[in-house]
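> Just dropping this structure here.
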Amino acid sequence: MSRMPKIAVIMDENTSSGGGRYDISKNYFSALRHAGAFAFGIPYIPDMVGQVIEEFDGFLSVGGRINFPKDWYVEGDQSRYPPSDRLAVDMALMEGFLARDKPVLGICNGMQMLGCLNGCRMVSDVHSSWPEALIHDQGNLSHEVRAVAGTRMADIFGAETFAVNTFHREAIVEVPNTVTVTARAPDGVVEAIEISSQSFAMGLQWHPELLDAESHPGARVFDAFVEAASSRSA
């Protein structure tokens, strides 16, 4: 009998009030457990990185608001968020899992990191940079996304269009050939990506952990992620 896959989940922190506490939604852990995995929160301790990459079957980079490197942004733009100790550990973990072709899932902040580590560029405020864009940083609203046919993620969703939540101010706007856009909002904003050179490396701009795991197409990525991680633990 194969063991349950173990997913490393980078912790978020309370950057808006001093960064003195780890602060992460329980929904990430329950969504992964529902999909068939055990999830473990990873603190910002650089000495742990190598062992985590070695011992875990997949990596989840969660949502958050932290200061990214300036060269990840289009010319003349930069992060408006506070610095965080999370950045170095999150990057090292993601790069390490990708180097070993172990499954990686990025949500919101995590999607932006996945994209920028693979050559994307972003803006710090999508509405200021693109006035006709929807207001994406709006927790009590949702908007439609359209999956890009022929992508692996479209097969996971099993639906062409569906509504998702929206909590992000930053957005990816430049996408190289190494990254595949897998969903967009009606205004054209990139809402999901995948790295075709990896067995499983996907990112979502919305928060699937807050969607119904049984019925919502946008939450099905957790099942696919855990399935990919299970092949590493077998």
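The values are calculated or read from the model by the stated rules, or taken from the named source; none is laboratory data. Note that the structure is a prediction, hence the values are computed from the model and not measured. Note: ideal-geometry Cβ built from the backbone for every residue, glycine included; neighbour counts use all protein chains shown.
> Give just the number: which of (1) farther than 21 Å from Y28 by Cβ; (2) free of Cβ contacts under 8 Å to residues at least 40 places away in the same chain; (3) touching a Leu at 6+ places or on another chain (Cβ under 9 Å); (4) not charged (D, E, K, R) does V181 not satisfy?
In the conditions (1) farther than 21 Å from Y28 by Cβ; (2) free of Cβ contacts under 8 Å to residues at least 40 places away in the same chain; (3) touching a Leu at 6+ places or on another chain (Cβ under 9 Å); (4) not charged (D, E, K, R), V181 misses (3) alone.
> Can you tell me which residue is nearest to D101 (Cα to Cα) among those in segment 33-73 that are under 14 Å from the mean Cα position of the chain (by Cα) and not small (G, A, S)?
If we take residues in segment 33-73 being under 14 Å from the mean Cα position of the chain (by Cα) and not small (G, A, S), then F59 is nearest to D101 (Cα to Cα).
> Kindly check whether there is at least one residue in segment 200-207 that is in contact with a Pro (Cβ under 9 Å, 6 or more places away or on another chain) and of a type outside the set (A, V, I, L, M, F, W, C).
No, because not a single residue in segment 200-207 is in contact with a Pro (Cβ under 9 Å, 6 or more places away or on another chain) and of a type outside the set (A, V, I, L, M, F, W, C).
> Of (1) crowded, with 23+ Cβ neighbours inside 10 Å; (2) more than 15 Å from the chain's Cα centre (by Cα); (3) over 19 Å from F97 (Cα atoms); (4) not β-branched (V, I, T), H207 satisfies all except one. Which?
So the condition that H207 fails would be (2).
> Let me ask you something else. Go through segment 184-213 residue by residue and tally those that are free of Cβ contacts under 8 Å to residues at least 60 places away in the same chain, more than 21 Å from R121 (Cβ to Cβ) and in contact with a Gly (Cβ under 9 Å, 6 or more places away or on another chain).
1
> Check F59, F68 and return the single one that is buried (at least 16 other Cβ atoms within 10 Å of the Cβ), in contact with a Ser or Thr (Cβ under 7 Å, 6 or more places away or on another chain), hydrophobic (A, V, I, L, M, F, W, C) and not in a helix (DSSP H, G or I).
F68
> Still on this structure, I have one more. A213 versus (1) assigned to a strand (DSSP E or B); (2) among the hydrophobic types (A, V, I, L, M, F, W, C); (3) in contact with a Lys or Arg (Cβ under 9 Å, 6 or more places away or on another chain): which is the lone unmet condition?
(1)
> Next question, about the same structure. Take the residues in segment 4-38 that are in contact with a strand residue (DSSP E or B) (Cβ under 9 Å, 6 or more places away or on another chain) and of a type in the set (K, R); name whichever of them is surrounded by the fewest Cβ atoms within 10 Å (Cβ to Cβ).
R21
> Could you count how many residues in segment 119-155 are at pLDDT 80 or above and in contact with a strand residue (DSSP E or B) (Cβ under 8 Å, 6 or more places away or on another chain)?
Qualifying residue count, segment 119-155: 17.
> Which residue pairs have Cβ atoms under 9 Å apart, sit 6 or more places apart or on different chains, and have a first residue in segment 214-225 that is free of Cβ contacts under 8 Å to residues at least 12 places away in the same chain and a second that is in a helix (DSSP H, G or I)?
E214/H34
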